[in-house]
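Inspection log for the structure reproduced underneath, given as structure tokens.
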Amino acid sequence: MKKIYIMLLTGISYLAVGQQDLQFTQFMFNKIYYNPGVAGSGGAICVNAVHRSQWVGFEGAPTSQNLNINAPIKKLHGGLALKVSNDQIGYFQNFNVGLGYAYQFELSNGTLGLGLNAELFTSSVNNAEWRSPSGIPAFDPSITTPNTQGISFDASFGVYYENDTWWAGVSSSRLAESSTPFDNAFNEITDYYGRRHYYVMGGYNWQIPSSNIELRPSLLLKSDLGASSVIDVNVMAVYNNKFWGGVTYRLTEAAAVNIGYQFTESLKAGYSYDIGISPISQQGGGSHEIFLSYCFKIEIPPRQKGSYKNPRFL
């Protein structure tokens, strides 16, 4: 069993830059996590759940979960969304809840959404055993004490467009780059700042002539305009709108395969496996990810003109 020892002289800021926001290989099925402008765009109430176990074989490797719900609200001319995420990496656990709204309107045979999401972040350090490279206990004000917790607030904004043929979006999270206060060994407060993230996503649906197969290439670009920029490129084939399989390449980090099945008109599920190509990921196993999505509509029939019986006046 390989272990990850996290040493925090400047380590937490470096680690946070690498994976402050969660990473999902099957991003094309969970677009609303990255872009609040998606809320209400599908015309149905959708519940999505994703679990990811990264770098299996490392003790303390990242595990992430995301649950989100979004629904169109006609009276609001858009949609509402609720997002709940949890991320465990080493001694650190990050939990956040977001509530968003997107204004939707028709544009060029498609729908354009402008979305804003307000988020609460809770970060905690569990029973931590800090180890310096020399083995001598470190006394550094930037190192938090074990079993401490901090809370911060932030927001994200996104623009998303889709039609029957293609979709695309631009968004940014941690807009305010707010700080999370932690206690340190000197009974003082140490602030750790969020890093603004930017996302560009897009995809295309191409029906192969005279066949039941549709090709759906897509990409996701993630960047903080500083320490980290990553692009995911996926090509997926969908057979008879039921079964799909595809491959993903994450530049300099991983290659992945994904499969899935549409069980009913409302329910679908998928699985992906990442094979690491970076030096650190090659030391352990791959990454597993599973998602489940359920979408449904609530249709209220319009009131018809005419007389209505009331049991009080028969």
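Details
- Proximal aspartates and glutamates to Lys75, defined as alpha-carbon separation beneath 20 angstrom and excluding residues fewer than eight positions away on the same chain: Glu106, Glu299
- Amide H contacts of Arg195 (H built 1.01 Å from N, in plane; Pro and chain starts excluded): no residue 5 or more places away or on another chain comes under 5 Å.
- The chymotrypsin sites (Phe, Trp or Tyr not before Pro) found in region 219-271 that occupy coil by DSSP, while having at most 13 further C-beta atoms within 10 Å, are Phe263.
- Cβ-Cβ FRET estimate between Gln88 and Ile275, R0 fixed at 22 Å, reported to 0.05: 0.50
- C-alpha center-to-center spacing [region 222-281, region 91-110] in angstrom: 21
- You can think of it this way: the chain between Val200 and Lys74 has 42.6 nm of extra reach, that is 0.36 nm per residue less the Cα-Cα gap.
- In sequence order, calculated HN-Hα J values of region 152-166 (Karplus, 6.51, -1.76, 1.60; Hz; x Gly/Pro): 9, 10, 7, 8, 9, 9, x, 10, 9, 10, 8, 9, 5, 10, 8
- Region 227-294: radius of gyration over Cα atoms, expressed as a fraction of 2.2 N^0.38 Å: 1.27
No value in this document is a laboratory result; all are computed from the given coordinates. The shown structure was predicted, so the numbers you read here are calculated from the model rather than taken from an experiment. Here Cβ is always computed from backbone atoms with ideal geometry, including for glycine, and neighbour counts include all displayed protein chains.
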